[in-house]
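Colleague: For reference, the structure I am asking about is given below.
The values are calculated or read from the model by the stated rules, or taken from the named source; none is laboratory data. For clarity, every value in this text was computed on a predicted model and none was experimentally measured. As a convention, Cβ positions derive from the backbone with ideal geometry for all residues, glycine included, and neighbour counts pool all protein chains shown. With ligands, DNA and RNA removed, areas are computed over all heavy atoms of the protein, side chains included. Shrake-Rupley method; radii C 1.70, N 1.55, O 1.52, S 1.80 Å.
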Amino acid sequence: MGLTDLFKILFGSNDQKNTKDYPMPDAKAGAEPVSDAAQEESTVQSTADKLMLEFLQTQGFQPHVESNGDIVFKYQMVTFIYFASHDDDSFFRLALPSIQEFSEETRPVILAAANKLTCMAKCAKVLVMDDDVWISVEALLDSTPKLEDFVPRMMDLLLGIRQAFYKELS
C-alpha cells in the first residue's frame, strides 16, 4: 500500500486534488464568493457540511464548494480544506494541504518532524503522503454543534502546528 492509498483511506476516496490546482476566489479581482445556491444544495449534503458552509459565510470568508462537496477557503492567506462528510453527520475534518514538499533525501527528517508533532499536538495529525505534508484536525460533533465555539481554534491550531513543523525543520 502506497502513501496515496493511505491518503485515500484517511481522507476518503474523493479523488482529492492537490490544492495547487484548487481555484480560489480572489476578492481583489471581484470574484463571486462560493458557487450559486443550486450548486451548493447539490454538493453540500450533510448537516456538518451545511453548518460549515454557513459558518464560513457568516464569518466573512469566501468559501468555494468543490464538486465533491469539499469546501475550500482561505484564512490568514493560507488555504484550508473542509472535507465533506457525506456518510457521517457528526464527523468533522479540517486540513491544511500541501504545507511542504520534499525529496527522498529529506524524507527521514520530514517523517521525524511529522511524528514528533503528531505526538505533541492535542488533536492534529501531521500526515506525510508521497512527497507532500498535510496537517489535519478531526472531531466528532454533538447533536447541537456551535462551530463558532471550536472552528477558529482549529484553524489557529493548524497554523500553529504548521509553524512548529517549519521550526522543527530549521
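Colleague: Looking only at segment 113-158, count how many residues are open to solvent by less than 20 Å² (accessible area, probe 1.4 Å), assigned to a helix (DSSP H, G or I) and over 21 Å from SER103 (Cβ atoms).
Modeller: So the answer is 5.
Colleague: Quick check on my filter: what residues within segment 63-90 are outside any strand (DSSP E or B), buried (at least 17 other Cβ atoms within 10 Å of the Cβ) and of a type in the set (S, T, N, Q)?
Modeller: SER85
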